[in-house]
Amino acid sequence: MRYLSLGWGVQSFTLAAMAALGELPPLDAAIHADTTHERGATYAFAQKWTTWIERR
């Protein structure tokens with residue numbers, strides 16, 4: 001199984017996007033451990049891109 005620790009930073013989002021686009025092997029799951037201490041911009045970014053990643 002392939003899991004991604006998705007913190008919504010540049011590196012983890014890039015891996016998720018590459019898997020979604022077929023440039024890397026598909027993921028079985030992406031896990032975000034929400035500590036509730038993220039910046040507001042991080043939550044907005046995650047909200048914007050989660051559906052796109054899930055659809056692919």
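The values are calculated or read from the model by the stated rules, or taken from the named source; none is laboratory data. Keep in mind that this is a model prediction, so the values were computed, not measured. Note that each Cβ is placed from the backbone with ideal geometry, even for glycine, and that neighbours are counted across all protein chains shown.
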Sort out which residues of the range 3-12 are modelled with pLDDT of 95 or more and either more than 11 Å from the chain's Cα centre (by Cα) or among the aromatic types (Phe, Trp, Tyr) (or both), and write them in order of number. Tyr3
Give the number of residues within the range 16-33 that are under 13 Å from the mean Cα position of the chain (by Cα), among the small types (Gly, Ala, Ser) and exposed (fewer than 15 other Cβ atoms within 10 Å of the Cβ). 2
Residues that are touching a Lys or Arg at 6+ places or on another chain (Cβ under 9 Å) and not small (Gly, Ala, Ser): does the range 27-35 have at least one? yes
Six or more apart or on different chains, Cβ atoms under 8 Å: show the pairs whose first residue is in the range 4-16 and under 18 Å from Gly40 (Cβ atoms) and whose second is in a loop (DSSP other than H, G, I, E, B). Leu6/His32; Gly7/His32; Trp8/His32; Trp8/Glu38; Phe13/Leu6
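Conditions tested, residue by residue: (1) exposed (fewer than 11 other Cβ atoms within 10 Å of the Cβ); (2) in a helix (DSSP H, G or I).
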residue: Leu4; (1), (2): no, no
residue: Trp8; (1), (2): no, no
residue: Thr14; (1), (2): no, yes
residue: Thr35; (1), (2): yes, no
residue: Gln47; (1), (2): yes, yes
